[in-house]
Amino acid sequence: MEARPVRLSRCVMTEIVIPNDLNGLGNLLGGRLLHWMDLCAAISAQRHTNRVCVTAAVDFVEFRSPIKQGEIVVLESQVNRAFRSSMEVEVNVWAEDPLTRSKRFCNRAFYTFVAVNEEGRPVPVPPVLPETPEEQERYEQAARRRELRLLLSGRLPAEKARRLQAALTELAATASEPPKTNP
Ligand SMILES: CC(C)(COP(=O)(O)OP(=O)(O)OC[C@H]1O[C@@H](n2cnc3c(N)ncnc32)[C@H](O)[C@@H]1OP(=O)(O)O)[C@@H](O)C(=O)NCCC(=O)NCCS
């Protein structure tokens, strides 16, 4: 299957926070935001594969900053890397002030989507072609994150998590190194 550039999977979604989206503190409900993020990520997965894709896992969700009523929520997603039938989709979220248009970064999550056939069974997906240094970095990191999520979900035995082992070995080696500069 021919590799597809990251840019073809990119999705930008814009929402405005209305009273029905709020929790008791007057901030956007976490569940509502996760719903929007899931939709944005699903569009990216389907743009990459031209297939129906389902959410298999969500990890590393952070809510860094509350989003207020009336603010505009901008969600941006892309497929970082594809494996056999699964893909890692990264979603980033900003809140935009409707008066000044200034944006603050609020949230990031990594979704795993799986492309499925009419019976709901996984089917192979095209590889991702990273075209920029940033896309290349995300592509490399995605393989390590995949090992971690498969390890934590019990789908990968620890001894087979080779990328993670290499990363830990590298970290351990640098931990004992003296600082590069003198005081
Ligand atoms: C996702 C689903 C199709 C996977 O089916 P399965 O029988 O586990 O299939 P497999 O074991 O062949 O796994 C398929 C892929 O999913 C990945 N996967 C499955 N569970 C995963 C998890 N918890 N975390 C990360 N990846 C996972 C596997 O690693 C595999 O990836 P690969 O093909 O790229 O190597 C199935 O679990 C399902 O239908 N889940 C419900 C999806 C759903 O309803 N989502 C919410 C609504 S959209």
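Quick note: the coordinates plus some simple rules give every number you see, no bench work behind them. Quick caveat, the model's predicted, so the values are computed rather than measured. Here the Cβ is made from the backbone with ideal geometry for all residues, glycine too, and neighbour counts use every protein chain on show.
A few notes on this one:
- Only aspartates and glutamates eight or more places from Lys103 in sequence, or on another chain, were considered; those with a Cα closer than 18 Å are Glu15, Glu62, Glu71, Glu76.
- Note on the chain: antiparallel DSSP beta bridges, both residues inside, total approximately 95 percent of the bridges counted.
- Residue of Ile72, Ile18, Ile43 that the Gaussian network model of the chain assigns the largest fluctuation, springs spanning Cα pairs under 10 Å: Ile18
- Model label points for Ala56 and Ser176, set 7 angstrom from Cα along the Cα-to-Cβ axis, are 3.7 nm apart.
- Shape call, segment 55-132: gyration tensor on alpha carbons, a/c limit 1.5: prolate
- Whether segment 12-62 is rounded, prolate or oblate, judged on the alpha carbon gyration tensor where a/c under 1.5 counts as rounded: prolate
- Rounded to the nearest 20 debye, dipole of segment 4-129 from Cβ charges on Lys, Arg, Asp, Glu: 380
- Ranked list, fewest to most other Cβ atoms within 10 Å of each Cβ, for Phe83, Phe113: Phe83, Phe113
- Prolate/oblate/rounded call for the chain, Cα gyration tensor, a/c under 1.5 rounded: oblate
- Helical contribution to [θ] at 222 nm, DSSP H n ≥ 4, -39,500 (n - 2.57), averaged over the chain, rounded to 500: -10000 deg cm²/dmol
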